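These notes are about the structure you will find just below.
The values are calculated or read from the model by the stated rules, or taken from the named source; none is laboratory data. Predicted model only: the values in this text are computed from it and were never measured. Neighbour counts run over all protein chains shown; Cβ positions are idealised from the backbone, glycine included. Quick note on the areas: whole protein, heavy atoms, side chains included, nothing else; ligands and nucleic acids left out. Shrake-Rupley method; radii C 1.70, N 1.55, O 1.52, S 1.80 Å.
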Amino acid sequence: MMRKHVCVCRLCLWSRKGLKEHFLVNTSWSFPPSRGETITDFKQGTELDKKKKMASNESRLQQQPSQKDAADQNFDYMFKLLIIGNSSVGKTSFLFRYADDSFNSAFVSTVGIDFKVKTVFRNDKRIKLQIWDTAGQERYRTITTAYYRGAMGFLLMYDITNQDSFSAVQDWSTQIKTYSWDNAQVILVGNKCDLEDDRLIPTEDGQRLAEDLGFQFFEASAKDNINVKQVFERLVDVICDKMNESMEGDDNLTSNHRNQGLKDSSSESNGSCAC
C-alpha cells in the first residue's frame, strides 16, 4: 500500500502519483479535488464553474443600463422628506406603499432611521424625493431629530385607532419647529382609516388640530392604498409653491435694490456742481 501525502492546500490527501498529477495537469486551480474525486471529474467541474461565472458576468453587463437609470442624477430638484410620529402608527407601511406599492401586515419596528428614494414629475419638473422613515420610540429621538435639519417637508402621522398617537401630535409639532427649517412644510396624516370600526379619533378632531397647527390634513390607509399618493403629491406641490414664492421674493428684492441704486445715483448727479 502506497503512503499518503498531504496536498499543499491541506484540504485533501493524495497518493504520490495523484499528487504529481495534481500539479502537472493544472496548477491554477483555486480548490483541489475532493477526496474520492478523479482529476477528470474535477476539471469538468472547474470548467462548468468558469462557464457559470462568464454567464453571470454577461448578465451583470446586461443589467448595467437599468442600474444606471436607478442611479440617474439627472433631476431638477431633490427634496428631503421625513415621516414622523409615534411607534406603530404605520409610517414604514406608508412609505413602502408609496415607494414600492407593497404592503406587509407584519409589524416590524424601525430601528433608528431608514430611507427610500423615488423620482416624480410635478409641474414639468423632475423631482427626486429622499424619504426618511424615522423610529417612533423615545430612545431613538436623539438620532431622528438630527435628520430634521435640511428637511423640506414632513408627514406627521397618527393612528386613528390610537388616542396616545393623536395626543402626541403637539409634541411632534414642537420638535419640527425646534429642529427643522422655518419654512418646512407639514401635512398631518390620520393613518389606518380602513379600520373604521375601531376608530377613536373623529375626522373633525384631526381637521381642527391641523388648522390650529397650520398644517394641511389627510386621512389615509397604507393597507387599502387610500390617499397615499395624494398625500405625497400634495406635500411636493406645497414645497414647490413655497420655493417659487421665495424665488419671486428674492427677484423682487434684487429689483428693489437695483432701482434704489439708480435713484441714489440720479440724486448724486443732480446735486453735483455743474460749473
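For residues that are assigned to a loop (DSSP other than H, G, I, E, B) and in contact with a strand residue (DSSP E or B) (Cβ under 7 Å, 6 or more places away or on another chain), scanning just the range 151-168, find the one that is nearest to Asn225 (Cα to Cα).
Narrowing the range 151-168 to residues assigned to a loop (DSSP other than H, G, I, E, B): 151-152, 160-162, 168.
When the remaining residues are screened for being in contact with a strand residue (DSSP E or B) (Cβ under 7 Å, 6 or more places away or on another chain), the result is 151-152, 160.
Details: Ala151: 25, Met152: 24, Ile160: 16 Å.
Looking at residues that are assigned to a loop (DSSP other than H, G, I, E, B) and in contact with a strand residue (DSSP E or B) (Cβ under 7 Å, 6 or more places away or on another chain), I get Ile160.
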Open item on the list: Here is a check on your reading of the model: is Ile160 of a type outside the set (Lys, Arg), over 23 Å from Val236 (Cα atoms) and modelled with pLDDT under 95?
Closed with: no
Task: Residue in the range 232-254 that is at pLDDT 75 or above, farther than 30 Å from Ser88 by Cα and open to solvent by 90 Å² or more (accessible area, probe 1.4 Å) present - done: yes
Open item on the list: I need the full set of residues from the range 155-179 which are surrounded by 22 or more Cβ atoms within 10 Å (Cβ to Cβ) and small (Gly, Ala, Ser), in order please.
Closed with: Ser165
TODO: Could you check how many residues of the range 108-157 are more than 17 Å from Phe79 (Cβ to Cβ) and modelled with pLDDT of 85 or more?
DONE: 1
Task: Top-ranked residue of the range 89-104 - restricted to ones that are outside any helix (DSSP H, G or I) and either within 16 Å of Val120 (Cα to Cα) or in contact (Cβ under 8 Å) with a residue 24 or more places away in the chain (or both), ranked as most open to solvent (accessible area, probe 1.4 Å) - done: Asp101
Open item on the list: Can you confirm whether Ala210 is surrounded by 16 or more Cβ atoms within 10 Å (Cβ to Cβ) and touching a residue at least 24 places away in the same chain (Cβ under 8 Å)?
Closed with: no
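Collect the residues in the range 213-231 that are under 27 Å from Asp182 (Cα atoms) and open to solvent by less than 80 Å² (accessible area, probe 1.4 Å), keeping them in residue-number order. Don't jump to the end; show me each part of the working.
Of the range 213-231, the ones under 27 Å from Asp182 (Cα atoms) are 213-220, 227-231.
Scanning the range 213-231 gives Leu213, Gly214, Phe215, Gln216, Phe217, Phe218, Glu219, Ala220, Asn227, Val228, Val231.
Rundown of residues vs (1) of a type in the set (Gly, Ala, Ser); (2) not in a helix (DSSP H, G or I), yes/no style:
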{"residue": "Gln170", "(1), (2)": "no, no"}
{"residue": "Thr174", "(1), (2)": "no, no"}
{"residue": "Gly190", "(1), (2)": "yes, yes"}
{"residue": "Ile201", "(1), (2)": "no, yes"}
{"residue": "Arg208", "(1), (2)": "no, no"}
{"residue": "Glu211", "(1), (2)": "no, no"}
{"residue": "Phe218", "(1), (2)": "no, yes"}
